[in-house]
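What follows is a short report on a single structure.
Every number here is computed from the coordinates shown, using simple stated rules; none is lab data. Since the model is a prediction, treat every value here as computed from it, not as a measurement. Glycine also receives a Cβ, built like all others from the backbone with ideal geometry; neighbour counts cover every protein chain displayed.
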Amino acid sequence: MLTRTVLATSAAALLASATGVSVTGMSATAASADIRAAHPAAAPAAAPKLCAENALTVKAAASGQDHVLRLSVKNHSSHACLVGHVPLVTYGDLDGAAVPFPLSGSATYKLDAGKTAHATVRSVSPSGDSDVRSVGYVVVAANPEHDGKKFTAASLSEPGGLRVWSPVTTLWQPTRAQADEVLAESDGAGVLKA
């Protein structure tokens, strides 16, 4: 019994020296309780939730390349949150949204506090011809449940309208260069390279 008490007291003393809590004149049980009170176990981090739309700034801008827009989403909240793995990009009142590249399910993308994610979207494939339509705006949403932000053709340096046929968009990427690189891997016709 004496050996167990000495070992417990020695263990408590070692733990106390590592944590800076004094155990002089305390029993091993009291010392352990005092150490736990001084250094409570860290609570597990809560899993991030979907980003509130008002915590995000969504942007779209002309890229300098024909029919290509650069998109971004910034998290202005004080904690990480989740956006859709791919931006939801719709052109005017046309049915459907830009096809993600690479194809993706309904996964999410974690956006840390103060950070920005990037995507690139091509609205017209190189083989698009007589089926190309023109629309006056594009809507970009970071999550499918969000209303999204509307960008007019004129604000995107396309005063005659945004031309669209089989649009393709990248998933959110940590940098603009990575988004551009991923888009370059697609063939732009809505049919993706293998």
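Ordered by packing density, taken as the mean number of other Cβ atoms within 10 Å over each peptide's residues, highest first, how do 81-90, 98-107, 177-186 rank?
Descending mean neighbour count gives 81-90, 177-186, 98-107.
Sort the following peptides by mean Cβ neighbour count (other Cβ atoms within 10 Å, averaged over residues), highest first: 66-75, 110-119.
Answer by packing, highest mean first, reads 66-75, 110-119.
Can you tell me how region 46-105 classifies by the Cα gyration tensor, rounded, prolate or oblate, using a/c under 1.5 as the rounded cut?
Note, shape of region 46-105 comes out prolate.
State the percent of C-alpha pairs, over all pairs in region 95-159, separated by a distance greater than 20 angstrom.
42 percent
Given a cut-off of under 8 Å on Cα pairs at least six residues apart, what relative contact order in percent is computed for region 116-186?
46 percent
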